[in-house]
Amino acid sequence: MPLTANDPKFKSWLDVPSNSDFPIQNIPFGVFLTRDDIITIGTRIGDTAIDLGALHQLGYFKGIELTDDIFLQDSLNDFIADGRKTWRLVRNRISKIFRENSDTELRNNMEHREKVLFKMDEIEMQLPVDVGDYTDFYASKEHATNVGSLFRDPENALLPNWLRIPIGYHGRSSSIIPSGTPVRRPIGQMKPGDDGVPGFGPTKLLDFELEMAFITTAANDLGKRISVKEAEEYIFGLVLFNDWSARDIQAWEYVPLGPFLGKSFASTISPWIVTLDALEPFRTKGPDQEPQPLPYLQQEGKKNFDIQLQALIQPEDGDETVVANSNFKYMYWSMSQQFAHHTLNGCNVRSGDMMGSGTISGPTKDSYGSMLELTWRGQNPLTLKDGSKRKFIDDGDTVILRGFSERNGVRIGFGDCSGKILPALPY
Ligand code: CA
């Protein structure tokens, strides 16, 4: 099945502003409420949202095997379960309908256009998938080294298992929220002082984590494995992912079983899932792996993706300040290796599961993916454009993640992954 939709020569007859994350080569998938409050699956070109439910009802997907209601749903889970061949057929068809010098059927039918096309400010983006299980990895060597230095011992920052295993833990899916949903500052227990009594109250060390996450289709039955080589067949696409963290709560609770309430209060994702197919032109080689991983983790070819990432802080009524520039290509363990490791014991992966990369930190101090690292646990506060300082995230701050890939004049992006911090509820 060819990836014709990726052709850099294509232009859409819909308006696409320069520097848009959503040219006709992107065609991401999401879920939104229309101006008539109807929930539907859709895509986006430029600043136009396209109702795929309506498009399907009007017969524009003729010849592709799809159930009648596949797009008239409140999540992408069933469509994702249809598999890669169907995703490609649909994406190629959307490309054909909306590109210049191709089909003119919809372009010339004003009545249909009225039913199918919406301005972005007329719709409300929803969570794109019903996430059954969410796993968070810890796959950036720079991040793991920085955190090991800060929380434990700079001499032995990387634990011996880290270079052998894509370390991960099972996260909480009920609190995964779409971009734009406010986040309430959590309260919790913190490390005791000299009196031995734990601290208690709103977190003082609220942080973001600059991550990406991939969404899977149904892959393996319980007891079966997926190899590194097969893994990408089962990856539908990627989102930006802010794994909000309360560092003081985390530091007290994480031994011996790992993160819990310091992480599970909220995790924000960008609402459009950009398909792995759309990211195909941006493959790149990952970091060299030394020591060589065990055979089940060995991979060939380019399994990383060159996606430029940014984290920004916007104070209440203030301007945005870029605080970090990183890249998805820095990941030590690739998505394929994470997938193979996740299923090594026969754990089954289902349609709509989500796997986070872990914080993506680069090699330089301005490429760290969390405030913990950027300010070195508050020792070196950042100065924002309005002159105010930040050690961690304040109430009223909005944290925005952005990401895009660019080549041959085509920019494939994710849109904003943002969340504003509300003050803790009184206790
Ligand atoms: Ca994380």
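The values are calculated or read from the model by the stated rules, or taken from the named source; none is laboratory data. Here the structure is a predicted model, which means the values were calculated and not measured. Cβ coordinates were reconstructed from backbone atoms using ideal geometry, including for glycine residues, and neighbour counts include every protein chain displayed. Ligands, DNA and RNA are stripped out before the accessible areas are found, and what is left, the full protein with its side chains, is counted by its heavy atoms. Shrake-Rupley method; radii C 1.70, N 1.55, O 1.52, S 1.80 Å.
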Helix 141-151 versus the longest principal axis of the chain: what is the Cα-based angle in degrees, 0 to 90, to the nearest 10?
30 degrees
Angle check, please: helix 84-98 long axis (alpha carbons) against the longest principal axis of the chain (alpha carbons), in degrees 0 to 90, nearest 10.
60 degrees
What's the ranking of 31-40, 286-295 by average number of surrounding C-beta atoms within 10 Å, highest first?
31-40, 286-295
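Based on the mean of other Cβ atoms within 10 Å per residue, sort peptides 79-92, 261-274, 210-223 so the most packed one is first.
Numbers: 79-92: 19.2, 261-274: 24.9, 210-223: 21.1.
Taking the mean over residues of other Cβ atoms within 10 Å, the ranking is 261-274, 210-223, 79-92.
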Can you list the aspartates and glutamates whose alpha carbon sits under 16 Å from that of Lys420, skipping same-chain ones fewer than 8 residues off?
Asp207, Glu209, Asp243, Glu316, Asp317, Asp319, Glu320, Asp394, Asp395, Asp397
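What FRET efficiency, computed as 1/(1 + (r/R0)^6) with R0 = 60 Å and r the Cβ-Cβ distance, is obtained for His170 and Arg107, rounded to the nearest 0.05?
Numbers: r = 47 Å, r/R0 = 0.79.
Efficiency, rounded to the nearest 0.05: 0.80.
Which order do the peptides 239-245, 331-337 come out in when sorted by mean C-beta neighbours inside 10 angstrom, highest first?
On the way: 239-245: 27.7, 331-337: 25.6.
Packing proxy ranking, top to bottom: 239-245, 331-337.
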Give me the lysines in straight-line cross-link reach of Lys115: C-alpha distance below 23 Å, same-chain residues under 8 apart excluded.
Lys11, Lys62, Lys96
Please calculate how many Å² of accessible area the stretch 90-201 carries per residue, with a 1.4 Å probe and no DNA, RNA or ligand atoms counted.
53 Å²
Charge tally in the Cβ shell below 12 Å around Pro287, where Lys, Arg are +1 and Asp, Glu are -1, Pro287 excluded
+1
Please sort by residue number the GluC sites (Glu not before Pro) in the stretch 293-375 whose DSSP state is loop and whose Cβ has at most 12 other Cβ atoms within 10 Å.
Glu300, Glu316
Test of the criteria: in the stretch 329-403, which trypsin sites (Lys or Arg not before Pro) are in a DSSP loop and have at most 13 other Cβ atoms within 10 angstrom of their Cβ?
Lys385
With a cut-off of at most 10 other beta carbons within 10 Å, and DSSP calling the residue loop, which GluC sites (Glu not before Pro) in the stretch 54-143 qualify? Please list them.
Glu65
Residue-wise, which Karplus ³J(HN,Hα) couplings in Hz belong to the stretch 268-281, taking 6.51 cos²θ - 1.76 cosθ + 1.60, θ = phi - 60°, and x for glycine or proline?
9, 10, 6, x, 9, 8, 8, 5, 4, 4, 5, 8, 3, x
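Using a Förster radius of 45 Å, what is the FRET efficiency between Ser388 and Gln298 based on their Cβ-Cβ separation? Nearest 0.05, please.
0.40
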Among Leu14, Gln310, Asn109, flag the residue with its Cα farthest along the positive direction of the charge dipole of the chain, charges on Cβ as +1 for Lys/Arg and -1 for Asp/Glu.
Gln310
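Longer than 18 Å from Cα to Cα, which of Lys141/Lys204; Lys141/Lys229; Lys191/Lys263 are they? Say none if no pair is.
Values: Lys141/Lys204 27 Å; Lys141/Lys229 23 Å; Lys191/Lys263 16 Å.
Violating the 18 Å Cα-Cα cut-off are Lys141/Lys204; Lys141/Lys229.
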Percent relative contact order of the chain, based on C-alpha pairs within less than 8 angstrom and at least six residues apart?
21 percent
If you put +1 on each Lys and Arg Cβ and -1 on each Asp and Glu Cβ, how big is the dipole of the chain around its Cα centre, in Debye rounded to 20?
980 debye
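Counting only helical runs of four or more DSSP H residues, what would the 222 nm mean residue ellipticity of the chain come to if each run contributes -39,500 (n - 2.57) and the total is spread over all its residues?
Details: 8 runs with 64 residues, N = 427.
Estimated from H runs of four or more residues: -4000 deg cm²/dmol.
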